[in-house]
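Each value in this text was obtained by applying a stated rule to the coordinates, not by laboratory testing. Not measured: the values here are computed from a predicted model. Don't worry about glycine lacking a Cβ; one is built from the backbone with ideal geometry, like all the others, and counts go over all protein chains shown.
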Amino acid sequence: MSELQAAISSPHSLFPQRLFSVETVTSPMDESLLHPCEYALVRNAVAKRKGEFAAGRHCARLALARLHISESAILQDANGCPLWPEGAVGSISHTKDCIVSVVGRSSQVAALGVDVDNHLTPFPFDVLGYVCRPEELRWLQSMSAESMRVHAYALFSVKETIYKCVYAATGDQLGFADALLNFDLRTGLFRAQLARAVGPEGRKYLVGRVGCNSAHVFSGMWWLHAEDAGDKSLALIS
């Protein structure tokens, strides 16, 4: 799929600027940028992991600074998810040639998720039976080889985004089979029907944004506070 066929062609376009701060870099960064407490989290990791971790934390601090929220160290919980400073929610993702961090104010949204993947490398199609619901697998198998690769990466990206956002908002840990996706790169939207209700409001339907360019697929979504769920000014496609 060419870049012109996608409605969203940059991770920056996944999130409205009036609500979120998005920062990206294209390569790993030196581990010396890490706070000592952050470095301790990856001390025994390989150089590639350290560089991507440093770039993600660097982007996160830049995104926080744009919202006038400062934090010297961004640590992580027992499941490896970033721990954001008071007043902020965020998400980090990295792949070859793209590291992205998105931050929002916790007073405006309860949680968010972002994911990016490089679609130029061959997709491990042998995992599709694990990643996809039967309906999704049939949909992918109806495509040409090139389109199937890009859409498989996009499907994987969206499910990662959903996992991150739902976990951050509710503590629920979803599996790949827990979300049935319907998405269209030409409109830039995805919709997910969950196999079980999540959160105190019992939400079973989620929406978000998905896009691609010549090298990457990316997806993002945010979780509104219960009292704001009907506020059209915060709606996904506003």
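Among the aspartates and glutamates, select those whose C-alpha is under 20 Å from the C-alpha of K96, and discard any that sit fewer than 8 residues away in the same chain. Of all the aspartates and glutamates, those that pass the test against K96 - Cα under 20 Å, at least 8 places apart if same chain - are E3, E23, D30, E31, E52, D115, D117, E146, E160. Charge tally for A88 (other residues, Cβ to Cβ under 10 Å; Lys, Arg +1; Asp, Glu -1): -1. A straight Cα-to-Cα reach below 28 Å connects K204 with the lysines K159, K164, K232, residues fewer than 8 places away in its own chain not being considered. Considering only the Cα atoms of segment 102-238, their convex hull presents on average a projected area of 8.3 nm². Our note on the geometry: Cα centres of segment 55-134 and segment 183-204, 19 Å apart.
In the chain, inverting the average of 1/r over every pair of distinct C-alpha atoms gives 18.1 Å as the Kirkwood radius.
Of the trypsin sites (Lys or Arg not before Pro) in segment 1-82, the ones in a loop by DSSP (not H, G, I, E or B) with at most 15 other beta carbons within 10 Å are R18, R43. The residues packed around R57, meaning those with a beta-carbon under 13 Å from its beta-carbon, carry a net charge of -3 if Lys and Arg are +1 and Asp and Glu are -1.
Summarised in one figure, the compactness ratio Rg/Rh of segment 37-111, Cα atoms and Kirkwood Rh, is 0.96.
When the chain is treated as a Gaussian network with alpha carbon springs shorter than 10 Å, the biggest mean-square fluctuation among W84, W222, W139 belongs to W139.
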